[in-house]
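The values are calculated or read from the model by the stated rules, or taken from the named source; none is laboratory data. None of the values given here were measured: they were computed from a predicted structure. Cβ atoms come from the backbone with ideal geometry, glycine included; neighbour counts cover every protein chain shown. Each accessible area value is taken on the protein alone, full model and side chains, heavy atoms only, with ligands, DNA and RNA left out. Shrake-Rupley method; radii C 1.70, N 1.55, O 1.52, S 1.80 Å.
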Amino acid sequence: MGWLDAYVYMTVRKYGAVYNVISSEARVELTAKVVDLRNGAVLWQGVSAASTAEQNSSNTGGLVGLLVKAVVSQIINSATDASHPMAGLASARMFTPRPVNGMLKGPRSADYKKD
């Protein structure tokens, strides 16, 4: 591993369907850090999450409608592993260079050291 200069450590903090009384969601939460292999210094760290609840904003049907929707969502999330696409979204959010909590731009980027 003499040609490596840094390593990415990633931890999956949450993965799977979560059922609450009036809601259900597939949720993924990640943490990551880039460590300099020469001296162990943390060069960057970030946190990212994605959830199917981000797409479910409608609140029609009253309490009974919310309960039914939560049960149906839980069944779908569990049967289809809805967390898998959320993991891709959380990972993309984590490693896309951006000003807030995103991965740093590296030396091969045209925007390196410009922010």
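Given the condition open to solvent by 30 Å² or more (accessible area, probe 1.4 Å) and at pLDDT below 80, answer yes or no: does some residue in the range 31-53 qualify?
Within the range 31-53, one or more residues are open to solvent by 30 Å² or more (accessible area, probe 1.4 Å) and at pLDDT below 80.
Considering (1) at pLDDT 75 or above; (2) more than 14 Å from the chain's Cα centre (by Cα), say which one Ser78 fails and leave the rest.
(1)
Report, by residue number, each residue of the range 8-30 that is modelled with pLDDT under 90, in a strand (DSSP E or B) and over 10 Å from the mean Cα position of the chain (by Cα).
Answer for the range 8-30, where residues must be modelled with pLDDT under 90, in a strand (DSSP E or B) and over 10 Å from the mean Cα position of the chain (by Cα): Gly16, Ala17, Val18, Tyr19, Ser24, Glu25, Ala26.
Among all residue pairs at least 6 apart or on different chains, which show Cβ distances below 6 Å where the first residue, located in the range 26-47, is within 15 Å of Thr11 (Cα to Cα) and the second is modelled with pLDDT under 95 and in a loop (DSSP other than H, G, I, E, B)?
Short answer, once both residue conditions are applied: Trp44/Leu104; Gly46/Asn101.
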